[in-house]
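To start, the structure under review is shown below, and the notes come after it.
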Amino acid sequence: MSQTTGNEIPGTLASLDWQTITCQADTGCTNRAAYIVHRHAVDQCNHPQVDPFGNIVEILCIACLWHAEAEVLVQVGQFRRSSDSRCDRSGT
């Protein structure tokens, strides 16, 4: 995990027994979770279910992490093709 401010593992997560935590992906995956993922909620970063930095925080297994990474790479590629890409904090 990055040492970037705001990317620390909260005490409640650090104290969990990671042998019993299952993946929290929306797909219903039941693999053992091993990764805490912070993903910016582009254009929805004011949503009440994101962290104070506008990120969606997920606890994922390696397979779902790879899937999330692929989705992010596609999104970043789309942003790169537009010279006017930015996060619209209004969520509209």
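Every residue, every condition in (1) surrounded by 15 or more Cβ atoms within 10 Å (Cβ to Cβ); (2) in contact with a helix residue (DSSP H, G or I) (Cβ under 8 Å, 6 or more places away or on another chain); (3) part of a strand (DSSP E or B), yes or no:
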{"site": "Val37", "(1), (2), (3)": "yes, yes, yes"}
{"site": "Gln44", "(1), (2), (3)": "yes, no, no"}
{"site": "Pro48", "(1), (2), (3)": "no, no, no"}
{"site": "Ile59", "(1), (2), (3)": "yes, yes, yes"}
{"site": "Cys64", "(1), (2), (3)": "yes, no, no"}
{"site": "Ala68", "(1), (2), (3)": "yes, no, no"}
{"site": "Glu71", "(1), (2), (3)": "no, no, no"}
{"site": "Val74", "(1), (2), (3)": "no, no, no"}
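Being surrounded by fewer than 10 Cβ atoms within 10 Å (Cβ to Cβ) and either modelled with pLDDT of 80 or more or hydrophobic (A, V, I, L, M, F, W, C) (or both) is the filter here; which residues of the stretch 79-90 pass it?
Correct list: Arg80, Arg81.
Checking Met1 against (1) at pLDDT below 80; (2) farther than 17 Å from Glu69 by Cβ; (3) aliphatic (A, V, I, L, M), which test does it fail?
(2)
Taking the stretch 44-74, which residues are out of contact with any Lys or Arg (no Cβ under 9 Å at 6 or more places or on another chain), in contact (Cβ under 8 Å) with a residue 24 or more places away in the chain and of a type in the set (Asp, Glu)?
Passing the criteria: only Asp51.
The values are calculated or read from the model by the stated rules, or taken from the named source; none is laboratory data. What you are looking at is a predicted structure, and each value in this text was computed from that prediction instead of being measured. Neighbour counts are summed over all protein chains in view; Cβ atoms, including those assigned to glycine, are modelled from backbone coordinates with ideal geometry.
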